[in-house]
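Engineer: Sharing a structure with you now.
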Amino acid sequence: MMSASAAHSAAPVPTTGHATVHLVRHGEVYNPNKVLYGRLPGFGLSDLGKQMAQGLADHFSVRSERGNGPVILASSPLQRAQETIAPVAGALNLPVRIEGRVLEAENAFEGMSSVKRQLRRPKHWPLLVNPLRPSWGEPYKAQVNRVLAAVKDLADEAIAEHGDGAEVVVVSHQLPIYVTRLWGENRPLFHDPRSRECTLTSITSLHIGPRGVEAVSYEEPNRELSKQALALPGA
């Protein structure tokens, strides 16, 4: 259980009511050149990624039929996120708003391919001096702060317009989602990227109440499809 005053960030939280904000990672991206695409435009879903997006639509349709479906949909501005949420929006007949605060993290290696090989070059070494921050990109704390600010606004709106227990779906990206989860679980933000439990189209749910993020849960509605995905850079 986590309150807004604890640990790594002093981001605000709703003061009344309860809501659940589902942070969803986008589906697999078509990336044959294995580019670390980051915030670059033009990277849409692969055929498998489109299947994953439809799987999400089916998942949230079932939730809606059971009476606990989302009432607000939001997406990162990037193409892969918008393509992931589109089938959900169609299935639930809900509009999608663009939420810039859940954008992919900044990364100095964006646009590179064969990143591991590139990192052997001395010119890149200054970017690696502080992995705790990290020195090659947007600080983990900054990512958590902006995501939680978006979560707060969306949760407050959902509660105000749809009542206690309202749910929101936000399609974002692996790193911002995962460090926000770490914050919510009162764990250090620095981590081994290989350890991230945030597969393609996984759902990291923040259960929010007057004390802030009171619990975090995780599920993988497309577990079997994710096993077919290529291990590509980008997130």
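Engineer: Determine, yes or no, whether G55 is modelled with pLDDT of 95 or more and either touching a Gly at 6+ places or on another chain (Cβ under 8 Å) or not in a loop (DSSP other than H, G, I, E, B) (or both).
Structural biologist: yes
Engineer: Quick test for you: out of A158, A166, pick the one residue that is in contact with a helix residue (DSSP H, G or I) (Cβ under 7 Å, 6 or more places away or on another chain) and not aromatic (F, W, Y).
Structural biologist: The unique qualifying residue is A166.
Engineer: OK, next. Do we find that P87 is crowded, with 18+ Cβ neighbours inside 10 Å, assigned to a helix (DSSP H, G or I) and modelled with pLDDT of 90 or more in this structure?
Structural biologist: So P87 passes the test.
Engineer: Is it the case, given these coordinates, that L119 is surrounded by fewer than 19 Cβ atoms within 10 Å (Cβ to Cβ), among the aliphatic types (A, V, I, L, M) and farther than 26 Å from S46 by Cα?
Structural biologist: It is true that L119 is surrounded by fewer than 19 Cβ atoms within 10 Å (Cβ to Cβ), among the aliphatic types (A, V, I, L, M) and farther than 26 Å from S46 by Cα.
Engineer: For region 102-114, indicate whether the set of residues that are touching a residue at least 24 places away in the same chain (Cβ under 8 Å), under 19 Å from the mean Cα position of the chain (by Cα), under 16 Å from L36 (Cα atoms) and part of a helix (DSSP H, G or I) is non-empty.
Structural biologist: Within region 102-114 (the criterion being touching a residue at least 24 places away in the same chain (Cβ under 8 Å), under 19 Å from the mean Cα position of the chain (by Cα), under 16 Å from L36 (Cα atoms) and part of a helix (DSSP H, G or I)), the answer is no, since none of the residues qualifies.
Engineer: What's the total number of residues in region 200-235 that are modelled with pLDDT under 95 and outside any strand (DSSP E or B)?
Structural biologist: Going through region 200-235 one residue at a time, the tally reaches 15.
Engineer: Counting just the residues of region 125-168 that are touching a strand residue (DSSP E or B) at 6+ places or on another chain (Cβ under 6 Å) and in contact (Cβ under 8 Å) with a residue 60 or more places away in the chain, which one comes out nearest to R181 (Cα to Cα)?
Structural biologist: Among them, the one singled out is V151.
Engineer: Next question. If I filter region 196-225 down to residues being more than 18 Å from L73 (Cβ to Cβ) and of a type in the set (S, T, Y), which single residue comes out as surrounded by the fewest Cβ atoms within 10 Å (Cβ to Cβ)?
Structural biologist: Filtering first and then ranking leaves S217.
Engineer: Residues being farther than 14 Å from H22 by Cβ and not in a helix (DSSP H, G or I): count how many of those fall in region 58-75.
Structural biologist: So the answer is 2.
The values are calculated or read from the model by the stated rules, or taken from the named source; none is laboratory data. Because the structure is a prediction, the values reported are computed rather than measured. Neighbour counts run over all protein chains shown; Cβ positions are idealised from the backbone, glycine included.
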